[in-house]
1. Multiply the residue gap between D484 and K219 by 0.36 nm, knock off their C-alpha separation, and tell me the result in nm, one decimal place.
2. Provide the packing ranking of 308-315, 326-333, i.e. peptides ordered by the mean count of other C-beta atoms within 10 Å per residue, highest first.
3. How much length would be gained if the chain were fully extended between L398 and L121, taking 0.36 nm per residue of separation minus their Cα-Cα distance, in nm to one decimal?
4. At R0 = 41 Å, how high is the FRET efficiency between R267 and K143 if r is their beta carbon distance? Nearest 0.05 is fine.
5. Could you give the length gained on full extension between D178 and T192, defined as 0.36 nm per residue of separation minus the Cα-Cα distance, in nm?
6. State the dimensionless ratio Rg/Rh of segment 414-573 (Rg: radius of gyration of Cα atoms; Rh: Kirkwood radius).
7. Taking N as the number of residues in the chain, what is its alpha-carbon radius of gyration divided by 2.2 N^0.38 Å?
8. Between F405 and E79, how many nm apart are label points set 7 Å from Cα along the C-beta direction?
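Values in this text are rule-based calculations from the coordinates and carry no lab data. Given the structure is predicted, the values throughout are model-derived calculations rather than measurements. We place every Cβ from the backbone using ideal geometry, glycine too, and count neighbours over all the protein chains shown.
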Amino acid sequence: MRNQEVAKIFNDIADILEIKGDNPFRIRAYRRAAQNIDSLAKDVTEISVEELQMIPGIGADLAGKVHEYVATGSLKFYEDLKKEVPSGLVDLLSVPGLGPKTAKLFFDKLHITNVDDLENLAKEGKLKGLPGIQAKTEENILKGIAMIRRRTGRSPIGRVLPVAEGIMGKLKEKAPVDKLSIAGSLRRWKDTIKDIDILATSKDPHKVMNVFVHLPQVKEALMKGPTKSSLITQEGIQVDLRVVDEGSFGAALAYFTGSKEHNIRLREMAVRKGLKINEYGIFDVKTDKKLGGELENDVYKILGMPYIAPEMREDTGEIEAALEGRLPRLVEMEDIKGDLHVHTKSSDGSHDIQELIDAAKARGYEYLAITDHSKGLAVARGLSIEQVLEQNTKIKTLNKKLKGFKLLSGTEMDIKSDGSLDYPDEVLKQLDIVVASIHSGFRQSKEQITKRLVSAMKNPYVSIIAHPSGRLIGERDAYEIDMDEVLKTARETGTAIEINAYPLRLDLTDIYVRKAKEMGVSLTINTDTHVTFQFDFMAYGVGTARRGWAEKKDVLNTLSYSALMKRLKSKAS
Ligand code: DGT
Ligand code: CA
Ligand code: ZN
């Protein structure tokens, strides 16, 4: 897929336009197009110009640009634009938190054109004193640079899974494979992935490997053998494929799914029973007789345990729970009855309400909460009080006409930097659901940010805290927050905490999901959809919930519509 590549160019264009002080609407159009192309399920190179124009935010002009780039490998508009600003200046924008205005300031006043110079001058304290630049700004710039340098080798799962699925699809189509499965951290739904592990069985392993190393996605074949081959994809992700015997597939799947720590525990248990477990099977040590290995569950069965879901295999108590018969019944995709955090084009989404309903119904949902941004969030065209009330009336009228589907009228209300809420209670109490979240003041102290969240939860109308730590994997660290305090308040006030399924967020993170569950905090898994295909991100959220041992009963949006409404009202009363 070259979507990421095209998206990056559009983002670069937006950056340069911003440095140049161009029209904000034009800049926003490029950013929105970039986001939509980036999260597109289909490869841009396989889409016609007509189809491209059907992507929200992409008109004839941008479709033409995408086409030009895909067809010729370059984009004249972009190449010309780059000549208008010093090269290197754009690189500065990759430092988290450093915007175009500041970058331009550093260039104009200090002639900084690359990240190394910026780092040196920040260390020497030479930036402060410029308009708006304080010691704290220098500190943040240094932190941001350190973060870029840390980005090593691991990619967010949202970048990796589509690549893995693309390769699996091509293998199924072109190679003589029988069984085929993803293994490793990807099968465990970790939020970041080092490399993709795939297992297969085949009557013709040689042919399979031949197809594999010549797939169109391949940038470089690293090694090709009869049982294992490795390659690097166009996106720079390593993929290992192993072809194993039919009778060993289950044992190999258990072995290569890991985690390593989980496997070590299983092998120790086996040794105590006079058994041996490896990627080929389960064996009796004395007689060397093979006791199992065709099915993955053979491993668990022989050790006297129920099957443990891959998401739990981290040696964090799952083996003890399995032995004692207290494994949770993890929440599943089928349990999700609706999405409680969705944007329309009234704020920064791309669709009207009807289009969102259709897409939600196609996914088998029973309800959907419309939660556009609130007035304080001007960058996302947040709704004024009049607008949100108007939308509320419209939704309530629409609801009476809908058959077999319900809308919840809501808002994603900004918790402002000073801790106050963006709408007054008289407005909030008219809505079915209030999702509250932080979009500014990320650099406040731990105490300040925690206090903002805690006081929002104490508001009787706030139903959910969304993306609680504000992280964007690989792009922005979580803000500092006392999560224990937040969870405690959530329980006391009956506020649900969101697992945001947007693949760069996945926040609440797995560790805190587990803590929340243990504390009896209610969770909700929402996609924060801005474009309809993003509804499919739900799987990432469910994966994260499962890594935190969450069950159906822990998750608000597994409730029926009437039970959900009752629950939402019970906090407000
Ligand atoms: P990552 O780092 O995101 O790729 O995480 P994994 O878990 O996919 O790790 P990877 O790709 O190095 O190995 C895949 C699985 O293979 C791993 O989860 C367990 C198994 N494995 C790999 N190396 C070892 C090892 O040295 N000992 C054991 N017991 N298992 C291993
Ligand atoms: Ca791996
Ligand atoms: Zn949102």
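1. Working: separation 265, 0.36 × 265 = 95.40 nm, distance 4.50 nm.
Going from the current span to full extension adds 90.9 nm.
2. Values: 308-315: 20.6, 326-333: 16.0.
Per-residue Cβ counts within 10 Å, averaged per peptide and sorted highest first, yield 308-315, 326-333.
3. Values: separation 277, 0.36 × 277 = 99.72 nm, distance 5.80 nm.
So the chain would gain 93.9 nm between L398 and L121.
4. Numbers: r = 41 Å, r/R0 = 1.00.
Calculated value: 0.50.
5. Numbers: separation 14, 0.36 × 14 = 5.04 nm, distance 2.86 nm.
2.2 nm is the gain from fully extending D178 to T192.
6. On the way: Rg = 14.6 Å, Rh = 15.7 Å.
Dividing the radius of gyration by the Kirkwood radius yields 0.93.
7. Values: Rg = 25.6 Å, N = 573, 2.2 N^0.38 = 24.6 Å.
Against the compact-globule rule of thumb, the ratio is 1.04.
8. 4.6
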